[in-house]
Amino acid sequence: MAPNLHEVESAPLLLDENNNRNDQRVKPTSPLDAALNGSRKFYGSTNGNSWQKIERYDPLQHRKLDNPTTNLDTLMHILNGNLGTGILAMPDAFKNSGLYLGLFGTMIMGSICTHCMHILVRCARELCSRYQVPSMSFAEVGQNCLECSGLPRLGRLIGFMINSFLVLMQIGFCSVYFLFVAVNIRDFLEYASIQTDVFTVLAGILIPMIALNMIRSLKLLAPTSMVASVLAISGITISFVFLLQDLPRTTTVSAVQSWNTLPLYFGTAMYAIEGIGVLLPLESNMKTPRDFCRWNGVLNTGMAIVVTLYTAIGFYGYLKYGDAAEGSITLNLPSEVFLGQLVRLLMAVAVFASYALQFYVPMSILSPVVRRQFGSRDAQDCVEYTVRIALVLVTFTLAAIIPNLGAFISLVGAVSTSTLALVFPPLIEIVTFWPGRQYGRWNWIFWKDVAIACFGMSGFLIGTSTSVTQIVTNWE
């Protein structure tokens, strides 16, 4: 018996036995039809008489990449994107939460953020299948999920908001990276009896920073990420040498801090989990993308390492230094000891090399916008390089005026990272699977997503107000 008419009209495209595109198509489908059919296999006719089974469009099989990254490359990018200034600020985060609340809170938040990363990739692949495209950006996922639900205008607004938050977040990251590198190099130079100030160091590293960010390919950035990850792990390892020596008893620090400082903990912890912006670019640039989301895949492996290191640095750093913990643990290490200065130098170079990966995200958003304003390839390249230089100068300016590293880190985390990592992904999942209400038994997926989004929005509102208040107080 032939399939019903709706199944025929919903067929996305014909694929041959090797799962390649067939030029003969059935009646065009809409993304809404594809959503209503879920993951069902379709049937179509190529000659009007015979019927054949048609597999749903698989976006992972239609990606054509010039420089795909290996699993190891992607893992290094994940570590490089997360083992930056945020992990070094974790003792300061624990100072605002308390030892045990920070311990369990960081593990829980890390697990939730990793789950939200899986949500985002899953929804991106689902929407790619409906729209028959090989990959989508974060903003395109947000826009298209609403378009599938019949809300195209709202979709365009959400897409713009996601891009705005991504650019804001990554510029904030890059500004903190700039300042971190300058502060630690300044301290190292003072150890070498060279007196200077932070602004002079910022100006000194400006040209090398601009040169590094002329690289446009993730594949070409892979060696830089490898070096940065090795240096960062080496610096963190040496830091543990200091943190684990002469540890005081756990009763010497607060187990749980007051409610007044918890929003600062939330913002700093969310800032530390800073990989959401590079997630989809990394996944879509993989040679074997199916390995990304497996239970033992690249994402889970990378985030397990990251969250473990976050928790350990925060726990032992706060236990060691207590309320004296600085916005970066490197500033607490003894300045008169060579190993302490070596950590500063290693982490400064690692963060410097990591800047280019964080910078990749805003440029991937802004570059198509500015390039399409010009016709010739030479003009497009020229204007893109101009924008790259201008953005580096913006982060340089912000780094020069940041009054307090810890408070600014918390502000960036509360404003951008919480919305991008905890608010948008669950809402996108709700909307993506709204046609057909594919939420599982008792709609548990729906209620789970609502709870995560409310948690993220609460952190955004309370964390932002607390961070702004502290920054204004420090400026005065």
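The values are calculated or read from the model by the stated rules, or taken from the named source; none is laboratory data. Nothing here was measured: the structure is a model prediction, and the numbers come from that model. Positions of Cβ are generated from backbone atoms using ideal geometry, with glycine treated the same way; all protein chains shown enter the neighbour counts. The accessibility values were calculated without ligands, DNA or RNA, using every heavy atom of the protein model including side chains. Shrake-Rupley method; radii C 1.70, N 1.55, O 1.52, S 1.80 Å.
Annotations
- Compared with the alpha-carbon gap, the fully stretched path from Leu244 to Ala192 is longer by 16.1 nm at 0.36 nm per residue.
- If R0 is taken as 22 Å, the Cβ-Cβ distance between Asn67 and Met214 corresponds to a FRET efficiency of 0.85.
- In this structure region 70-475 gives 39 Å² per residue of accessible area when probed at 1.4 Å with all protein chains present.
- Burial ranking of peptide ranges 82-92, 338-348 (average Cβ count within 10 Å, highest at the top): 82-92, 338-348
- Peptides ranked, highest mean first, by Cβ atoms within 10 Å: ranges 158-168, 419-429, 384-394: 419-429, 158-168, 384-394
- Rg and Dmax of region 70-475, based on Cα coordinates, read 20.8, 69 Å.
- Backbone geometry of region 124-140 corresponds, through the Karplus equation with coefficients 6.51, -1.76 and 1.60 at θ = phi - 60°, to 3J(HN,Hα) couplings of 4, 5, 4, 5, 4, 5, 5, 8, 6, 10, x, 7, 9, 7, 4, 5, 5 Hz, x marking Gly and Pro.
- Pairs of Cα atoms farther than 15 Å apart, region 279-380, %: 78
- Efficiency of FRET between Leu157 and Arg294 - r from beta-carbon atoms, R0 35 angstrom, step 0.05: 0.50
- Taking Lys and Arg as +1 and Asp and Glu as -1, the other residues whose beta-carbon sits under 13 Å from that of Leu65 total +1.
- Amide H contacts under 5 Å for Thr69, placed H, 5+ residues apart: Met286, Lys287
- Computed from the C-alpha gyration tensor, the three semi-axes of the ellipsoid equivalent to region 136-186 are 36, 8, 4 Å, from longest to shortest.
- Globularity index of region 74-116 is 1.28 (Cα radius of gyration / 2.2 N^0.38 Å, N = number of residues).
- Accessible-area composition of the chain, carbon plus sulfur, in percent [1.4 Å probe]: 62
- With eigenvalues of the C-alpha gyration tensor scaled by 5 and rooted, region 155-287, Å: 30, 26, 18
- Normalised contact order of region 70-475, rounded percent, pairs of Cα under 8 Å and 6 or more residues apart: 35
- Estimated FRET transfer efficiency (Tyr100, Arg372; beta-carbon r; R0 45 Å; 0.05): 0.30
- Normalised by 2.2 N^0.38 Å, with N the number of residues, the alpha-carbon radius of gyration of region 336-476 equals 1.45.
- HN-Hα J in Hz across region 74-91 - Karplus 6.51, -1.76, 1.60, θ = phi - 60°, x for Gly and Pro: 5, 4, 5, 5, 5, 5, 5, x, 10, 8, x, 5, x, 5, 6, 8, 5, x
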